[in-house]
Structure formats: structure tokens, C-alpha cells
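Here, each number is a calculation from the coordinates, and none is a lab measurement. Just so it is clear, the structure is predicted and the values come from calculations on it, not from any experiment. Positions of Cβ are backbone-derived with ideal geometry, glycine not excepted, and every protein chain shown enters the neighbour counts.
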Amino acid sequence: MTRQERIEALKREVRERILILDGAMGTMIQRYKLDEAGYRGDRFKDHKRDLKGNNDLLVLSEPKIIAAIHDAYLEAGADIIETNTFNSQAISQADYGLEDIVYEMNVAAAELAREAADSWTEKTPEKPRFVAGAIGPTNRTASISPDVNNPGFRNASFDALVEAYTVQARGLIEGGCDALLIETVFDTLNAKAAGFAVEQVFDELGVVLPIMISGTITDLSGRNLSGQTPEAFWYSMQHLEPFSIGLNCAFGAEQLRPCVDEIAHVAGTYVSVYPNAGLPNEMGEYDESPEFMAGLLEEWARDGLINIVGGCCGTTPEHIRAIAAAVSKYKPRRVPEVAHKLRLSGLEPFVHG
């Protein structure tokens, strides 16, 4: 299929059933217990900075590992796999001195995911598979000062974020992605910069891909780090006309449900969710089993809250297999017809009329 045919297939499939997103990439990489040499591979063996922990680099230094992880999630039933590019932009890669290769990282990651997805589409033509280019939040925040003694200080500007995201988006698109996923949004201003960059690249390349947006809740008050409620977050991002809006990461499915419920009742587009397998325990591991997590997400599907579902930190192919089976008997959330009103957002939503 051409990319446009895949996009049309994605839009068709999401109307007919709940689509399954993949699970955690980092959790699966940890199973390989790579040391410093493992992250470097042959190409980066003489690099002057430590590279252990730079998971995104593995698309270049250990591509077979990333391909195997994609394959495991597709075998478990994932309809959409994410590229291994959560930190593949210059701002995050500056920690490793690898700013100059971020475009190459994104292209390589997209090509790896594309090859895996296409291989499974050939095996199961009745169940086409899709690639979402993962665009993470960076390790900087545009709207909050990192210095409690200087509230006006910022360690990242909007323009710098746009520049970093522009290179990433171009690489993901040219590598063959079907959609772009702006994810784990803790600062809405960062996400706005990503959206602005993505739309600029669309204009530059003459293509338009579905934009998926996923925020993250940072405490039990139900707000992101920049202070917005889920409804206000949706109104802040609505101008991008996203294919989907939703939430990921956070505390686990049980605590996340009220926030997803809030978005599901106001968003005039598809809703996605991919929670953690709970919070990490004292050993840094996640305790929610595939069966427990699938049971919680089945309730969301039964209640008509979701269109796209998967897993974040701590989830594995076993989790995705269980979730896919649990939600398969339910119809996808029906996108509501939202009345035309003036809808504004600060930290709280404001609806006039």
C-alpha cells in the first residue's frame, strides 16, 4: 500500500473497532541488559561520552533488537507500533553529544518500524498495521521555571523547541510513518511547539499525516505539569484538528480513568489511552499483571470511553495480548457531535454559551 492508502485504511479501521497500540519500548530494551559497549555498537565505540541508557540510539547501533521488539508487539496483536524515537531530537540528544545525527536516528527508526509493520500486513491483510512516529516532550519545559528562586527563568524557548521538533518530524515522515504521535505531554506549550513544527513540515514536504496527541497527568489532582485539566488540555490542542487525543503514562489505569472519562465526553475526535502498568515498586519494577490491567481497560471499552488503547511503562507484549483480547468484544467509542461554542483554556476550561 502507498502511504495515502495506509492513512485511509487507518481511518477506516478506527471507525470499525478499538485499535491496539503497542506497549513499552524501554521495558523491553531492559530485558537485553545491555552494557555501555552494547549501546555503542561498532559505530560509536570511540564516542567521547557515555551512551548507556540512550535507548533511541539502538536504532543505529543495535537495530535487530528494536526490530525484534516491534515484531513481538505486532505478533501480540498491535495495530499501531510507535517508532523508538521518544528522545530523538537535538535537545535531549545533547546530553550524549549526538545532536548532529537526530535526523538519521528518526529516519532509521521509522524505516525499522515500517518494515516490521509491512511484514505483518502481508501476513494478515485483513488486519493492516500502522506506524506512528513518536515525538516525546524533551527534557526541558517551556512554560515552567526549573529554578524555584527565579520564576521567570526558562531553560528552553519556544523557537528552540520548534527547531528541534522540525528536524525530528521531517525524519519520521521521510522514514515512512503513517501518523505522528506527540506524546507524554507534561507541558502544553511544548506540545504546541511540536504541533507548530509538524504543520510547518507538512507544508514543506507537501504531505499531511494524522496527528495523535497524548498528554500525561502528573499528580492525583488530575492535571498535567503545566497545571491544565484534561478538558482544558483538549481545548489548547484542538486547533491542530488531531486524529486522536488522549493520555498515557501517569499512575496506572485505575487512577487515570476519571481523566480519560473527562476527555471522552468533550473531545470531537478519537480518544487514545496507554497507561503504565501501575507505579514502579521499590525495585523499579511494575506490578500490574497483564490480566489485571486488561480487566481495568475492558471496563473502559465496555463503557464506551476509548478508540485506541495500549500500554506505557512496564507493559510488555503479554500485556498487549491480554488487552487486545479483553477489548475485542466491544465497539469503539462513538465520537460525539460537539456543539459549536466559544471554548477557551487556561488552567481550567471556559465554555461560553
Check your understanding: How large is ³J(HN,Hα), in whole Hz, for each residue of segment 160-174 in order, when computed from phi with the Karplus curve 6.51 cos²θ - 1.76 cosθ + 1.60 and θ = phi - 60°, using x for Gly and Pro?
Key -> 5, 5, 4, 4, 5, 5, 4, 4, 5, 4, 4, x, 5, 5, 6
Check your understanding: Of 27, 273, 226, which is farthest on the positive side of the dipole of segment 3-352, counting Cα position, with +1 on Lys and Arg Cβ, -1 on Asp and Glu Cβ, and the Cα centre as origin?
Key -> 273
Point to revise | Residues whose placed amide H lies under 5 Å from that of residue 185, excluding near-sequence neighbours | key: 214, 215, 216
Review point. Which of 237, 28, 283 moves the most in a Gaussian network model of the chain with Cα springs under 10 Å?
Key: 283
Practice item. Check each of the GluC sites (Glu not before Pro) in segment 44-150 and keep only those in coil by DSSP with at most 14 other C-beta atoms within 10 angstrom; list them in order. Key: 126
**Study point:** Computed label-point distance, nm, for sites residue 335 and residue 36 using a 7 Å Cα→Cβ extension
**Key:** 5.1
Check your understanding: For segment 107-119, what does the Karplus curve 6.51 cos²θ - 1.76 cosθ + 1.60, with θ = phi - 60°, yield as ³J(HN,Hα) per residue in whole Hz, taken in order and with x for Gly and Pro?
Key -> 4, 4, 5, 5, 5, 4, 5, 4, 4, 5, 5, 5, 4
Review point. For residue 222, what charge total do you get from the other residues with a beta carbon under 13 Å from its beta carbon, if Lys and Arg give +1 and Asp and Glu give -1?
Key: -3
Study note, to complete from the structure: Under the Karplus relation with 6.51, -1.76 and 1.60 and θ = phi - 60°, whole-Hz ³J(HN,Hα) for segment 148-159, x at Gly and Pro, equal 5, 8, 9, x, x, 6, 10, 9, 8, 9, 4, 5
Review point. How many angstrom lie between the C-alpha centres of segment 121-146 and segment 286-353?
Key: 16
Review point. Within the chain, what percent of beta bridges assigned by DSSP are antiparallel, to the nearest 5?
Key: 20
Practice item. List the residues whose amide H sits under 5 Å from the amide H of residue 333, counting only those 5 or more places along or on another chain, with H placed 1.01 Å from N in the peptide plane. Key: 306, 307
Revision key, fill the gap. Contour minus Cα-Cα span, residue 5 to residue 46, at 0.36 nm per residue, comes to 10.4 nm
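Could you tell me which of rounded, prolate or oblate describes segment 56-96, using a ≥ b ≥ c as the square roots of the eigenvalues of the alpha-carbon gyration tensor, with rounded for a/c under 1.5 and, failing that, prolate when a/b is larger than b/c and oblate otherwise?
oblate
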Point to revise | Cα gyration tensor category, rounded, prolate or oblate, for segment 78-189 with a/c compared to 1.5 | key: prolate
Revision key, fill the gap. Flagged as over-length at 22 Å C-alpha distance, from 127/329; 123/331; 11/127; 52/192, the pairs are 123/331; 52/192
Check your understanding: Hey, what number do you get for the chain at 222 nm if only DSSP H runs of n ≥ 4 count, each worth -39500 (n - 2.57), divided across all residues, to the nearest 500?
Key -> -13000 deg cm²/dmol
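Could you check what % of the DSSP bridge pairs in segment 137-268 are antiparallel, to the nearest 5?
10
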Point to revise | Of the GluC sites (Glu not before Pro) in segment 245-353, those whose Cβ has at most 12 other Cβ within 10 Å and which sit in DSSP loop | key: 282, 285, 337
Point to revise | Potential lengthening between residue 145 and residue 204 on full extension [0.36 nm per residue; Cα-Cα distance subtracted] | key: 18.0 nm
Point to revise | Antiparallel DSSP beta bridges within segment 197-353, as percent of all bridges there, nearest 5 | key: 35
Study note, to complete from the structure: Any residue on another chain or 5+ positions along whose placed amide H is under 5 Å from the amide H of residue 249 is listed here as 274, 276, 312, 313
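Excluding residue 274 itself, what net charge comes from residues whose Cβ is under 12 Å from its Cβ, given Lys and Arg +1 and Asp and Glu -1?
Residues close to residue 274 contribute a combined charge of -3.
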